[in-house]
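Read through the structure below, which is laid out as structure tokens, and then see the notes.
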Amino acid sequence: MSSAAVPSTEVFAPPPRDCDGCPRLVEFRQRHRAAFTDWHNAPVPSFGPLEARLLIVGLAPGLRGANRTGRPFTGDYAGDLLYSTLLTFGLAEGVYRADPNDSLTLKDARIANAVRCVPPENKPLPAEFTTCRPFLRSEIAAMTNLRVFVALGKGAHDQTLRTLGVKSLARYPFIHGRLHELPDGRVLADSYHCSRYNTNTGRLTEAMFHDVFRAVADRLRQA
Ligand code: SF4
């Protein structure tokens, strides 16, 4: 990563549009900038207020979703399920139209990705997680009201724990629906990723996803 891109641990600064931390992702980004000039094709900024008590962590932007539209989970199937669920549980308001210019806003919730640039085949490399981690770390540090994390998938679960400095990931195994009590008093809720693949294969149903967010909303009410 260029030194200019390294965020402060006290003040959250999102990555610059031309962050050069991950050569493979920069090359992928440049290729798509050339091919799809009207796409976002840059690090995708998080969505929702920094004052939120809930942070939903995804793995990385989807190629034709967030990487195209510039808003997390916007424009692909995963966003349809995620945002309808957030609306159901009072964590969003407005209308979701798969467009960053729709009227959707998040309430007491924010969405971030562990890796901010779209990776080939939705698979960031370990070095890319490490290089991008300071952005998530500084974002979490800036969210002073943060009480609950939701990890969408095992990759996001592991990266959230690593970002929080948890040494033994084995103490907190990824289990769909599990709410882990973290040493710092916060909670990490696990969910299978709300991808079309997971719902088509039956690994995740809308009811299962709603159960996770019902438990999260209950926990936020108690916090
Ligand atoms: S993934 Fe993160 S560190 Fe890597 S180039 Fe994108 S913004 Fe920079």
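The values are calculated or read from the model by the stated rules, or taken from the named source; none is laboratory data. Please read all numbers here as calculations on a predicted model, not as lab measurements. Glycine gets a Cβ as well: all are built from the backbone with ideal geometry, and neighbour counts include every protein chain shown. The area values use the complete protein model at the heavy-atom level, side chains included, leaving out ligands, DNA and RNA. Shrake-Rupley method; radii C 1.70, N 1.55, O 1.52, S 1.80 Å.
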By accessible area of protein heavy atoms, probe 1.4 Å, what ranking do His157, His210 get, highest first?
His210, His157
Return the carbon/sulfur percentage of the accessible area of the chain, one whole number, probe 1.4 Å, all protein chains in place.
51 percent
Modelled label reach - Thr105, point 7 Å along Cα→Cβ, the range 64-94 residues with backbone N closer than 16 Å:
87, 90-94
Distribution output for the chain: share of Cα-Cα pairs per 5 Å bin in percent, first bin at 0, values 1, 7, 15, 20, 21, 18, 11, 5, 1, 0
Label-point gap, in nm, between Phe36 and Arg17 - each point 7 angstrom along Cα→Cβ
1.8 nm
Where Rh is the Kirkwood radius over the Cα pairs of the range 170-223, the temperature 20 °C and the viscosity 1.002 mPa s, what D in µm²/s does Stokes-Einstein return?
178 µm²/s
At 0.36 nm per residue, minus the direct Cα-Cα distance, what do Ala127 and Asp211 gain on full extension? Give it in nm, one decimal, please.
26.9 nm
Candidate lysines for bridging to Lys107, where Cα separation is under 27 Å - those fewer than 8 sequence places away on the same chain excluded:
Lys154
Using a 1.4 angstrom probe, figure out how much accessible area the range 146-188 has per residue, in square angstrom, rounded to the nearest whole.
44 Å²
Quick check: pseudo-label points 7 Å beyond the Cα along Cα→Cβ at Ala141 and Leu182, how many nm apart are they?
1.5 nm
Under-5 Å amide H pairs with Asn113, H placed in peptide plane, nonlocal only
Gly58
Keeping all protein chains in position, work out how much accessible area Cys117 exposes to a 1.4 Å probe, and write it in Å² to the nearest 10.
20 Å²
Per-residue ellipticity at 222 nm attributable to helices in the chain (runs of n ≥ 4 DSSP H, -39500 (n - 2.57) apiece, nearest 500 deg cm²/dmol) works out to -10500 deg cm²/dmol
Computed for the chain: size of charge dipole around the Cα centre, +1 on C-beta of each Lys and Arg, -1 on C-beta of each Asp and Glu, debye to nearest 20, value 360 debye
